[in-house]
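Asks: Before I ask anything, here is the structure I am working with.
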Amino acid sequence: MRRLLPPVVAVAVALLAVVGAGTVAFNPADKVREFDPNRALNFAKQVCKLGPRYGGNDAELKAADMMERELRKYGLNVWKEKVDLGGGKHTYNVIAEIKGTREPDKYVIVGSHIDSPGFCEGATDDAAAMGIQVEMARVLAKNFRPKKTVLIIGFGGEELWFKGSEAFVKKHPDIVKNCVAMIDLNCVGAGENVFLTRRSAKPSPVEGDPNLIRTLERCARELGHPVTVGDTTYPSDTYPFYHNKIRRVPVCQVMNQPFKVPPWSGSNTADKLDPKDMEKTGETVTLAVVKLSNAEPAAKPLWEEQRERQRAQQRGWFTPVWWAVALAGPLILAIARRGLAR
Ligand SMILES: [Zn+2]
């Protein structure tokens, strides 16, 4: 017995160490650092190549399709919602969902806009944000399972006074009622600091939620990224989430400032985007989403889970029950024929 004890104790200690290491080893910030700014940058460049995306033109609709396709790759539920722009024109909101495991009726939203100013390719406004979103979707789907539902949304028609986000808020009052945070990425990808908007002025004031700002600030610090809080002119797609008849959602517009290139200018081209700045904002917002949605570690990537589900469904067709059904027909026929022959 005495001789047995030391090995038993050793094994127990080893097991405890492994389990302990497993729990300690899950540091969300480490997983968030898998954010690859070059993937984000490449997607933003593809969007810029479409040219100005404005007023529901071809380029804007193509950008929506590109975003939809990219987000599907990572196993998220993705759909588009048509947005009427008036004058017979329309655009789309692109919505990607990671359903919450425990509180699926609570929402954390990350927005951007798929359109650009009418005269330029809008690299920082807002192609870079779309790039950040698709890479954020990959990192989240690979490593995390949020308890609350996470929505990653590209809004159409932002430059026409937030048409897409306004339509979304009208269409989804239940989401607006149950949204714990709406983080909007606007004018990102070329500016030294992660910039958190405390207040914007036009067309009427929007106040960034102090708790949400604090959470984002802490996430930036934890990751070692420079962060500033300040005021700006326009609220972008936070506006309809803040000013509506349903509920004032806690919002924060996230930018990169000071601008290395003015957002509304012909020089706002893809070559001005800085992957370092995209990384700062991408990682900060991804970590904030992990914390706000109380995400847990994922056993495997969402896209693998999706593929396994699809395969299981296909296998469903080849179960013995179906074989029996398939064989029963000819068998009954054969018996009937024999009966007739007699
Ligand atoms: Zn913008």
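Asks: Which of the following residues is exposed (fewer than 10 other Cβ atoms within 10 Å of the Cβ), out of contact with any Phe, Trp or Tyr (no Cβ under 9 Å at 6 or more places or on another chain) and modelled with pLDDT of 95 or more: Lys276, Lys245?
Replies: Lys245
Asks: Another question, then. Could you please find all residues in region 97-123 being within 16 Å of the ligand (Cβ to nearest atom), part of a strand (DSSP E or B) and not small (Gly, Ala, Ser)?
Replies: Val110, His113
Asks: Now, a different point. Residues in region 128-151: is at least one within 16 Å of the ligand (Cβ to nearest atom), part of a strand (DSSP E or B), under 24 Å from Arg248 (Cβ atoms) and within 15 Å of the chain's Cα centre (by Cα)?
Replies: Among the residues of region 128-151, not one is within 16 Å of the ligand (Cβ to nearest atom), part of a strand (DSSP E or B), under 24 Å from Arg248 (Cβ atoms) and within 15 Å of the chain's Cα centre (by Cα), which makes the answer no.
Asks: Then there is this: Return only the number of the condition from (1) outside any strand (DSSP E or B); (2) touching a strand residue (DSSP E or B) at 6+ places or on another chain (Cβ under 6 Å) that Lys170 does not satisfy.
Replies: The failed condition is (2).
Asks: A further question on this structure: Which residues, counting only those in region 219-265, are within 12 Å of the ligand (Cβ to nearest atom) and among the hydroxyl-bearing types (Ser, Thr, Tyr)?
Replies: Of everything in region 219-265, those that are within 12 Å of the ligand (Cβ to nearest atom) and among the hydroxyl-bearing types (Ser, Thr, Tyr) turn out to be Thr232, Thr233, Tyr234, Ser236, Thr238, Tyr239.
Asks: Only one of (1) in a helix (DSSP H, G or I); (2) free of Cβ contacts under 8 Å to residues at least 60 places away in the same chain; (3) under 30 Å from Gly118 (Cβ atoms) is not met by Asp237, so which one is it?
Replies: All conditions are met except number (2).
Asks: Just wondering, is there one or more residues in region 308-319 that are surrounded by 13 or more Cβ atoms within 10 Å (Cβ to Cβ) and part of a loop (DSSP other than H, G, I, E, B)?
Replies: No, region 308-319 contains no residue that is surrounded by 13 or more Cβ atoms within 10 Å (Cβ to Cβ) and part of a loop (DSSP other than H, G, I, E, B).
Asks: Here's something else I'd like to know. From (1) in a strand (DSSP E or B); (2) farther than 30 Å from Lys300 by Cβ; (3) touching a residue at least 60 places away in the same chain (Cβ under 8 Å); (4) touching a Leu at 6+ places or on another chain (Cβ under 9 Å), pick out the condition that doesn't hold for Val180.
Replies: That leaves (2) as the condition not met.
The values are calculated or read from the model by the stated rules, or taken from the named source; none is laboratory data. Bear in mind the structure is a predicted one, so any value in this text is a computation, not a measurement. Cβ atoms come from the backbone with ideal geometry, glycine included; neighbour counts cover every protein chain shown.
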